[in-house]
Structures are given as C-alpha cells and as structure tokens.
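The values are calculated or read from the model by the stated rules, or taken from the named source; none is laboratory data. Keep in mind the model is a prediction, meaning the values are calculated, not measured. Note that we place each Cβ from the backbone using ideal geometry, even for glycine, and neighbour counts take in every protein chain shown. Note: accessible area is taken over every heavy atom of the protein model, side chains too, but ligands, DNA and RNA are not part of it. Shrake-Rupley method; radii C 1.70, N 1.55, O 1.52, S 1.80 Å.
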Amino acid sequence: MKENITETLKKHYEAKILEHKLNIDIMIANPRAIPEHENFTQAIDKELSELANAHDKLEALLEYF
C-alpha cells in the first residue's frame, strides 16, 4: 500500500514539473501566449515557483520515503 501511494505521488510531482516546464518553454518561445495585460516575467516567475514547489516535494518524498 505504501509503495502505491509513494509511486502515485512521485508520478504526480513529475507530471507537475513537466507541466510547468512546458508552460515556461511556451512563454519564452512565444511571448504572445501570455495575454497583453499580464507581466511577462511575473507570469514566468509564477510558473517557476510552482515547478520548484513540485520539485521540492518530489525530492522530500524520495529522500524520506
């Protein structure tokens, strides 16, 4: 049971990392992907924060469980 839960969380965090990395890649490659009213660097910073959060959770999961 523990292995199923930890494996599910691992895949969840990996998917979140990929999702936010893709969003950043799209924003950098195509700045028009961000609505004109939004701050470009602020939008990327938000995605990067979410990516870092998922990365930190994944690292903690791998280290402690």
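Below is a table of values for the structure above.
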read-out: Identity of the residue in region 24-43, farther than 24 Å from residue 62 by Cβ, among the β-branched types (Val, Ile, Thr) and surrounded by 12 or more Cβ atoms within 10 Å (Cβ to Cβ), that ends up nearest to the chain's Cα centre (by Cα); value: 26
read-out: Condition met for residue 54 (in contact with a Lys or Arg (Cβ under 6 Å, 6 or more places away or on another chain) and either within 21 Å of residue 7 (Cα to Cα) or surrounded by 15 or more Cβ atoms within 10 Å (Cβ to Cβ) (or both)); value: yes
read-out: Residue, most open to solvent (accessible area, probe 1.4 Å), within region 1-23, restricted to residues that are farther than 15 Å from residue 61 by Cα and in a helix (DSSP H, G or I); value: 18
read-out: Sole exception among (1) surrounded by 14 or more Cβ atoms within 10 Å (Cβ to Cβ); (2) touching a helix residue (DSSP H, G or I) at 6+ places or on another chain (Cβ under 8 Å) for residue 46, by number; value: (2)
